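See below for the structure under consideration.
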Amino acid sequence: MNHRVIARLDIKGPNLVKGIHLEGLRVMGKPEEFASYYNEAGADELLYMDVVASLYDRNSLKDIITRTAKEIFIPLTVGGGLRSIEDITEVLRYGADKVSLNTAAIKNPEIIRQASEAFGSSTIVIAIEAIKQNDGKYLCYTDNGREYTGIDAFEWAEKAQDLGAGELIVTSVDKEGTGEGFDIELTRKISDAVRIPVIAHGGPGKLEHFEEIIREGNADAVTVASMIHYDYVSKNKSQGEFKGEGNVTFINSGKEFGKINKAEIMDIKKYLSEKGIDCRYINE
Amino acid sequence: MIYIINYGVGNLNSISNIIKKVGGESEIISDVSLLKQAKKIILPGVGAFDHAMKKLAEHGWTEELTDTVVNRKIPTLGICLGMQMLCKKSEEGVLPGLGWIDAEVKKFNFPEGTNLKVPHMGWNQVHVKKENPLIKNPEEEHRFYFVHSYHVVCKNEADILGTTNYGIEFTSSVSHDNIYGAQFHPEKSHRFGMELLKNFIDIPC
């Protein structure tokens, strides 16, 4: 089976941001610009995550989705702060192909059933943000890993599937933004427990990590953010135009992260192809 | 001008966006009477089979479409569920399909122990089975974006345009006279999708 490489873009207000452990957000640039670039550069899908959705108004997200949908011709998933069937309807109308739910589904699991009946299972992605506990258990969190729920991640994965989820995106909050690699144990246990596709999120810093999470973690798809964002920023510096939506010191400093190697999406796919993993890589 | 049939199912803008991108013209139509002047038609579809067939009937499309496509032979492309709707029936529902293609729709059913996930989701290859105007250069790799749990099984091998491997070799594209079907989403398949839609635009009407 082919494996997807999904470009993940975390959005705060009008800006693309990137943090560590889903926090300490740094401004990277305009999401539409990155999206258009990744669309041409071979991304299999795009994922927009509005990371502070509950705190800000939604107009900038609407504008971003509408503009993006006209320019990209690969699937677009949008998540972050979607609370109701009405919210989902709206985001799909702006041009998203799928939606991702976390907090709303934890608070009211029935929304998964309602949404998958209304829009089709394959439109509904459930985001699981897990943190490993001292006793080895993985528990679900909401609001970017800030809110404790006490819900077991593996039980929740099966329940979400049974309620009609079409896909799961599994985030290791512990690994997110670190460059240490994906959480293999978390991803494998969830992937083996369900019959729907599992997308691994959080942690890649070098090409080997993608092979590892597909072979050992049984991931059906992977997301990548820091590696490709840093690559894009280093090639297209556009400092000085960012306003007060997060920490802009990083992008203006030209600094890099030690543990995270820069990569183009096609670098990742070329690497996977060479390792015998089927993906959409065309040698041109 | 391509008419995209709006019967209240799914997001149709992504289809009109990509047609515009490749230099074509399209209009999303909700008025059945416009079919009289149709030159080319796209039948989209997402969600459940019966729901879509019901919506199509409720909006009064079914008979007029059949006349336009089958009798007047207007070139027509069914996408995803839209391709399944071209068939006679589906395991997903009880309502009959449009029946323009002699085929049935079956659920992916993998033996216990295979770790293939359903829905089949992602970019997969289409192997061209016959000369056709939509996918040229059969020797090259053609990858399209798929999202589906059911697949088409043709009665006549001659109707199979392309096949794809996912546990089994299933029919991922059909054609019969002026009628075409794509199980994948050309509008989400970047340059392969653009090529296919450009080729559909170029079919003489």
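On the given criteria, is A:Asp63 more than 26 Å from B:Val118 (Cα to Cα), free of Cβ contacts under 8 Å to residues at least 60 places away in the same chain and among the charged types (D, E, K, R)? So that I can check it myself, show each step before the final result.
Numbers: more than 26 Å from B:Val118 (Cα to Cα): yes; free of Cβ contacts under 8 Å to residues at least 60 places away in the same chain: yes; among the charged types (D, E, K, R): yes.
Taking the combined requirement at face value, the residue satisfies it.
Taking region A:174-197 only, how many residues are assigned to a loop (DSSP other than H, G, I, E, B) and more than 13 Å from every other protein chain (Cβ to nearest Cβ)?
The qualifying residues number 10.
Just for region B:176-197: of the residues that are surrounded by 24 or more Cβ atoms within 10 Å (Cβ to Cβ) and more than 14 Å from chain A (Cβ to nearest Cβ), which one is farthest from the chain's Cα centre (by Cα)?
Ranking the candidates gives B:Tyr180 first.
Tell me, which residue of region A:1-60 that is more than 16 Å from the chain's Cα centre (by Cα) and among the aromatic types (Phe, Trp, Tyr) is farthest from A:Arg215 (Cα to Cα)?
A:Tyr56
Any residue that is of a type in the set (Lys, Arg), farther than 22 Å from A:Arg195 by Cα and surrounded by fewer than 17 Cβ atoms within 10 Å (Cβ to Cβ) - is there at least one of those in region B:94-111?
no
Being facing chain B (nearest Cβ under 10 Å) and among the hydrophobic types (A, V, I, L, M, F, W, C) is the filter; apply it to region A:61-91 and report the residue that is surrounded by the fewest Cβ atoms within 10 Å (Cβ to Cβ). Before the answer, list the steps.
Of the residues in region A:61-91, the ones facing chain B (nearest Cβ under 10 Å) are A:66, A:69-76.
The next check asks that each one be among the hydrophobic types (A, V, I, L, M, F, W, C); those that pass are A:69, A:72-74, A:76.
On the way: A:Ala69: 20, A:Ile72: 24, A:Phe73: 26, A:Ile74: 26, A:Leu76: 24.
Here the answer is A:Ala69.
Can you tell me which residue in region A:115-129 is farthest from A:Ile65 (Cα to Cα), limited to those that are away from every other protein chain (no Cβ under 11 Å) and out of contact with any helix residue (DSSP H, G or I) (no Cβ under 6 Å at 6 or more places or on another chain)?
Ranking the candidates gives A:Glu129 first.
Hey, could you check region A:251-284 for residues that are loosely packed, with under 13 Cβ neighbours inside 10 Å and among the small types (Gly, Ala, Ser) and say which is modelled with the lowest pLDDT?
In this case the residue turns out to be A:Gly254.
Condition first: under 20 Å from the mean Cα position of the chain (by Cα), in a helix (DSSP H, G or I) and closer than 19 Å to A:Leu92 by Cβ. Now tell me which residues in region A:118-173 satisfy that.
A:Ser121, A:Ser122, A:Thr123
What number of residues within region A:85-130 satisfy the criterion of being modelled with pLDDT of 95 or more, acidic (Asp, Glu) and more than 13 Å from A:Gly164 (Cβ to Cβ)?
Going through region A:85-130 one residue at a time, the tally reaches 1.
Looking only at residues that are assigned to a loop (DSSP other than H, G, I, E, B) and among the charged types (D, E, K, R) in region A:219-250, which one is modelled with the lowest pLDDT?
A:Lys243
Any idea which residue in region B:126-151 is nearest to the other protein chains (Cβ to nearest Cβ), counting only those that are out of contact with any Leu (no Cβ under 8 Å at 6 or more places or on another chain), assigned to a loop (DSSP other than H, G, I, E, B) and touching a residue at least 24 places away in the same chain (Cβ under 8 Å)?
B:Ser149
Which of the residues belonging to region B:70-90 are over 20 Å from B:Val9 (Cα atoms) and not basic (Lys, Arg)?
B:Val70, B:Asn71, B:Ile74, B:Pro75
Taking the criterion of being without any contact (Cβ under 8 Å) to a residue 12 or more places away in the chain and either in a loop (DSSP other than H, G, I, E, B) or out of contact with any helix residue (DSSP H, G or I) (no Cβ under 8 Å at 6 or more places or on another chain) (or both), would at least one residue in region A:70-84 satisfy it? Break it down stepwise before answering.
Restricting attention to region A:70-84, the residues satisfying the condition of being without any contact (Cβ under 8 Å) to a residue 12 or more places away in the chain are none.
No.
Please go through region B:1-20 and pick out each residue that is in contact with a strand residue (DSSP E or B) (Cβ under 6 Å, 6 or more places away or on another chain) and of a type in the set (A, V, I, L, M).
Initial filter on region B:1-20 (in contact with a strand residue (DSSP E or B) (Cβ under 6 Å, 6 or more places away or on another chain)): B:2-6, B:12, B:15-16, B:19.
Those that are in contact with a strand residue (DSSP E or B) (Cβ under 6 Å, 6 or more places away or on another chain) and of a type in the set (A, V, I, L, M): B:Ile2, B:Ile4, B:Ile5, B:Leu12, B:Ile15, B:Ile19.
Please work out if B:Gly23 is on the phi > 0 side of the Ramachandran plot, modelled with pLDDT of 95 or more and out of contact with any strand residue (DSSP E or B) (no Cβ under 7 Å at 6 or more places or on another chain).
yes
The values are calculated or read from the model by the stated rules, or taken from the named source; none is laboratory data. Just so it is clear, the structure is predicted and the values come from calculations on it, not from any experiment. For neighbour counting, all protein chains shown are included, and Cβ atoms are generated from backbone atoms with ideal geometry for every residue, glycine included.
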